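The values are calculated or read from the model by the stated rules, or taken from the named source; none is laboratory data. Since we're looking at a predicted model, the values are computed, not measured. We place every Cβ from the backbone using ideal geometry, glycine too, and count neighbours over all the protein chains shown.
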Amino acid sequence: MVVTKTHCYYCFDVLVAHFEGRRPCEPEFENEQYPLFVTWNIIQEDGSHRLRGCIGNFDALPLHSGLKEYALTSSLRDRRFSPMKERELPNISCGVSLLTDFEDGKDYLDWEIGTHGIWIEFRADSGSRRSATYLPEVAAEQGNLPSRSIIIAVKLIHVLGWTKLEAIDSLLRKGGHTGKITDKLRKSIQLTRYQSSKTAVTYSDYVQWKGSKPHRVDTGYSEQYAN
């Protein structure tokens with residue numbers, strides 16, 4: 001399945017409905033199951049984007065309930081940021097990533113920068129099992145996942161000019177390894193590679209889309225999160 005702007009419009013409507021105390025619109029897409037991430041960015045005056053929230057799940061979720069849940073979780077419950085406020089919406093964009101094509105890598109270098117996201121599992125210094133991941137597109141770090149705890153963009157690897165080896169070593173650090181990184185440790189990594197389909201829309205895009213929908217009065221209330 002290819003992600004569409006309608007997925008992003010729905011996430012925006014879920015968040016706006018939360019602020020307005022109403023139910024969101026009904027999803028206008030199939031309720032297929034995918035691992036997914038929802039990303040919110042602040043659009044700055046120079047046109048660049050700054051992360052405002054990004055949380056998702058590597059388990060396959062029904063898109064209707066999964067996007068509804070993570071639209072709110074990523075905007076209101078990302079522990080790196082304060083909960084998003086309604087006044088921020090005009091400068092916000094929303095992106096949805098659907099993860100696909102999960103494959104076991106033959107070794108820690110069996111992936112391509114700019115094509116694959118990678119998820120590694122390894123033993124930390126303490127002996128505990130740790131994991132970390134790089135998403136293909138999402139320019140973010142994420143510490144809010146149970147067991148899959150680090151998110152950084154593969155796009156960032158291009159910016160930094162990293163080799164795959166440097167990216168793997170950085171990912172080991174992000175995953176909690178503090179000791180010496182050896183060839184033995186690298187070769188012990190279990191690597192899974194994957195791809196993603198992503199798109200994003202701005203708040204003004206959402207407002208235009210919402211204005212084209214038939215008017216509907218709804219007195220229900222959205223799910224609430226405590227600060």
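Values for this structure:
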{"quantity": "Residue within region 60-76 that is in contact with a Pro (Cβ under 6 Å, 6 or more places away or on another chain) and either surrounded by fewer than 18 Cβ atoms within 10 Å (Cβ to Cβ) or assigned to a strand (DSSP E or B) (or both) present", "calculated": "yes"}
{"quantity": "Hits in region 1-41 - residues which are over 14 Å from Val96 (Cβ atoms) and hydrophobic (A, V, I, L, M, F, W, C)", "calculated": "Val16, Ala17, Phe19, Cys25"}
{"quantity": "Residue count for region 47-67, restricted to those that are in contact (Cβ under 8 Å) with a residue 60 or more places away in the chain and more than 13 Å from the chain's Cα centre (by Cα)", "calculated": "1"}
{"quantity": "Flag if Leu89 is under 15 Å from Ser196 (Cα atoms) and either touching a residue at least 40 places away in the same chain (Cβ under 8 Å) or assigned by TED's automatic domain parsing to the domain that holds Pro27 (or both)", "calculated": "no"}
{"quantity": "Leu160 vs. criteria modelled with pLDDT under 75 and farther than 30 Å from Pro62 by Cα", "calculated": "yes"}
{"quantity": "Output for region 200-227, where each listed residue is at pLDDT below 95, hydroxyl-bearing (Ser, Thr, Tyr) and surrounded by 10 or more Cβ atoms within 10 Å (Cβ to Cβ)", "calculated": "Tyr221, Ser222, Tyr225"}
{"quantity": "Scan of region 50-59 for residues that are of a type in the set (A, V, I, L, M) and buried (at least 19 other Cβ atoms within 10 Å of the Cβ), ordered by number", "calculated": "Ile55"}
{"quantity": "Restricting region 160-212 to residues that are outside any strand (DSSP E or B) and touching a helix residue (DSSP H, G or I) at 6+ places or on another chain (Cβ under 6 Å), the residue that is farthest from Pro136 (Cα to Cα)", "calculated": "Trp209"}
{"quantity": "Test for Ala71: is it in contact with a Lys or Arg (Cβ under 7 Å, 6 or more places away or on another chain) and on the phi < 0 side of the Ramachandran plot", "calculated": "no"}
{"quantity": "Region 91-139: number of residues that are among the aliphatic types (A, V, I, L, M), under 14 Å from Gly56 (Cα atoms) and not in a strand (DSSP E or B)", "calculated": "2"}
{"quantity": "Counted residues, region 174-199 - those being touching a strand residue (DSSP E or B) at 6+ places or on another chain (Cβ under 8 Å) and of a type outside the set (S, T, N, Q)", "calculated": "10"}
{"quantity": "Residue that is modelled with pLDDT under 90 and under 30 Å from Gly127 (Cα atoms), where the choices are Leu145, Leu191", "calculated": "Leu145"}
{"quantity": "Meets criteria (under 16 Å from the mean Cα position of the chain (by Cα), charged (D, E, K, R) and part of a helix (DSSP H, G or I)) for Glu88", "calculated": "no"}
{"quantity": "Region 90-117: number of residues that are crowded, with 20+ Cβ neighbours inside 10 Å, under 24 Å from Thr6 (Cα atoms) and among the hydroxyl-bearing types (Ser, Thr, Tyr)", "calculated": "2"}
{"quantity": "Residue in region 3-20 that is part of a loop (DSSP other than H, G, I, E, B) and closer than 19 Å to Asp205 by Cβ present", "calculated": "yes"}
{"quantity": "Complete set of residues in region 102-121 that are among the hydrophobic types (A, V, I, L, M, F, W, C) and in contact (Cβ under 8 Å) with a residue 60 or more places away in the chain", "calculated": "Phe102, Trp111, Ile118, Trp119, Ile120"}
{"quantity": "Residues within region 20-49 that are of a type in the set (A, V, I, L, M, F, W, C) and exposed (fewer than 14 other Cβ atoms within 10 Å of the Cβ), tallied", "calculated": "0"}
